[in-house]
Amino acid sequence: MLLAIDTSAGTSVAMVDGDRTLAEAASADPRGHAEAIGVLIERVLRESGAVPDAVVAGMGPGPFTGLRVGIAAARAFAYARGIPVHGVCSHDGIAEGRTAPTLVVTDARRREVAWSVYRDGERVDGPHLASPEELPSVVEGYTALDRVDAVEVSAASLALVAARLLAAGRPTGPDQPLYLRAPDVTVPAGPKRVTG
């Protein structure tokens, strides 16, 4: 039984048992993660009537603040219950169930997109950043790929990815967030010089 949480785009929470989605709830607001996450988790737990054995966290790519909210919620819930957390690349959830060569594209803001390429259901390239205009030149075999421009990530799809990988004894994905650009704020190299 997996509780899955993704905040790489909007906010999505699901409870999945094997290949069955018991409950799923989402908010499309790309900036309201902190306000929505607790309500959605509570709703999914209540509607499913189930107790999770593990938590699946969407690790991005996505905006810094949005990702942190979902990952922190997943880790806090898992810690409180004494159950494991399995990270999954959010693009993997978007590509779940697709067997044709696929290009997954999500908005990375700042006039950029995040992209990943999948063949036979497996990620073979990415995630990377590019401007939308650059995609045909930076993505190998661009014209032969089915392009999926996703504005949301289904937490249930993430859980299905994790369940499949866990059943095969394979690692689920990254355990750290997939931030594709450097942070806006940096720590100074040395002590701040004060003049008087």
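What the table below lists for this structure:
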{"item": "The stretch 108-121, residues that are at pLDDT 95 or above and not basic (Lys, Arg)", "result": "112, 113, 114, 115, 116, 117, 118"}
{"item": "Candidate set from the stretch 26-54 (those that are crowded, with 16+ Cβ neighbours inside 10 Å and of a type in the set (Val, Ile, Thr)); member that is farthest from residue 109 (Cα to Cα)", "result": "44"}
{"item": "Meets criteria (modelled with pLDDT of 95 or more and not acidic (Asp, Glu)) for residue 48", "result": "yes"}
{"item": "Residue 117 vs. criteria surrounded by 22 or more Cβ atoms within 10 Å (Cβ to Cβ) and farther than 17 Å from residue 150 by Cβ", "result": "no"}
{"item": "Of the criteria (1) over 24 Å from residue 34 (Cα atoms); (2) in contact with a Pro (Cβ under 7 Å, 6 or more places away or on another chain), which one residue 104 fails", "result": "(2)"}
{"item": "Residues being surrounded by fewer than 13 Cβ atoms within 10 Å (Cβ to Cβ) and either in contact (Cβ under 8 Å) with a residue 60 or more places away in the chain or in a strand (DSSP E or B) (or both) - total across the stretch 123-145", "result": "1"}
{"item": "Residue match in the stretch 97-107 (condition: surrounded by fewer than 24 Cβ atoms within 10 Å (Cβ to Cβ), acidic (Asp, Glu) and modelled with pLDDT of 95 or more)", "result": "no"}
{"item": "Residues that are among the aliphatic types (A, V, I, L, M) and either surrounded by 14 or more Cβ atoms within 10 Å (Cβ to Cβ) or not in a loop (DSSP other than H, G, I, E, B) (or both), drawn from the stretch 146-155", "result": "148, 150, 153, 155"}
{"item": "Close pairs from the stretch 103-118: first on the phi > 0 side of the Ramachandran plot, partner among the polar types (S, T, N, Q) and at pLDDT 95 or above, Cβ under 9 Å, at least 6 apart", "result": "111/131"}
{"item": "Filter result for residue 57 (in a strand (DSSP E or B), under 16 Å from the mean Cα position of the chain (by Cα) and buried (at least 18 other Cβ atoms within 10 Å of the Cβ))", "result": "yes"}
{"item": "Residue selected from the stretch 2-20 under the condition surrounded by fewer than 19 Cβ atoms within 10 Å (Cβ to Cβ) and touching a residue at least 40 places away in the same chain (Cβ under 8 Å), by the criterion farthest from residue 167 (Cα to Cα)", "result": "19"}
{"item": "Residue match in the stretch 156-172 (condition: touching a residue at least 40 places away in the same chain (Cβ under 8 Å) and surrounded by fewer than 16 Cβ atoms within 10 Å (Cβ to Cβ))", "result": "no"}
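The values are calculated or read from the model by the stated rules, or taken from the named source; none is laboratory data. A quick note: this is a predicted structure, and the numbers were derived from the prediction, not measured. Neighbour counts are summed over all protein chains in view; Cβ atoms, including those assigned to glycine, are modelled from backbone coordinates with ideal geometry.
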